[in-house]
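Undergrad: Here it is, the structure in full.
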Amino acid sequence: MQEHVASPSPPCFSAEMTASLPALRSFARSLCRQGDMADDLVQETMVRAWSSRHTFLPGSKFRPWLFTILRNQFYNAVRKQARLVAWEPEAAERLLVQAPDQEERLHVADIEGALQQLPSGQREMLLLIAGAGLSYEEAAEAADCKLGTVKSRINRGRAGLRAIIENGESLPEA
């Protein structure tokens, strides 16, 4: 009787995980906006990826697989947190209101503020493509949507950012 021994993961799996860390951290920080929570999210993503390495299909794209795990972890945490925390409408309104910036130069904070005004789907696609450096195809795979949806969200997100930054407009409720 042969004993079942778990096959070791290929060395490239570990190298791919390590190489993906900076992009994962960047994407997690963009989603969470809290350094500690983002670091925990990346760590949990790595633990889950490692424990699920046997499910990764060799030849498939590794980075979208990791980003999918991170994205799912984030949304699970948000759902869990929403059940635990009751928001006061006044406190939420204070967090969402940003005073207009009259300076001629744009700052990173201005772009971050504009990104936060975008609908979550558009913001997520911009962060995956511009922030994390994924291709449109990889972003579609990570977000589990069609390529046309990615292109549409990117186009609408860019137009929305332009309107917010250039004109100081708020986006209409969609």
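Undergrad: Quick check on D110: is it modelled with pLDDT under 85, part of a helix (DSSP H, G or I), in contact with a helix residue (DSSP H, G or I) (Cβ under 8 Å, 6 or more places away or on another chain) and more than 30 Å from S14 (Cβ to Cβ)?
TA: yes
Undergrad: Do any residues in the stretch 52-75 that are farther than 17 Å from L134 by Cβ have Cβ atoms under 7 Å from those of residues that are at pLDDT below 85, where the two are at least six apart or on different chains, and which pairs are they?
TA: Matching pairs, first to second residue: R53/S9; R53/F13.
Undergrad: May I ask you to verify whether D36 is surrounded by fewer than 17 Cβ atoms within 10 Å (Cβ to Cβ), out of contact with any helix residue (DSSP H, G or I) (no Cβ under 7 Å at 6 or more places or on another chain), at pLDDT 90 or above and not polar (S, T, N, Q)?
TA: Considered against the rule, which asks whether it is surrounded by fewer than 17 Cβ atoms within 10 Å (Cβ to Cβ), out of contact with any helix residue (DSSP H, G or I) (no Cβ under 7 Å at 6 or more places or on another chain), at pLDDT 90 or above and not polar (S, T, N, Q), D36 comes out as no.
Undergrad: Just checking, which of A82, A91 is exposed (fewer than 10 other Cβ atoms within 10 Å of the Cβ), modelled with pLDDT under 75 and among the small types (G, A, S)?
TA: It is A91.
The values are calculated or read from the model by the stated rules, or taken from the named source; none is laboratory data. Remember, predicted model here, so these are calculated numbers, not experimental data. Note that each Cβ is placed from the backbone with ideal geometry, even for glycine, and that neighbours are counted across all protein chains shown.
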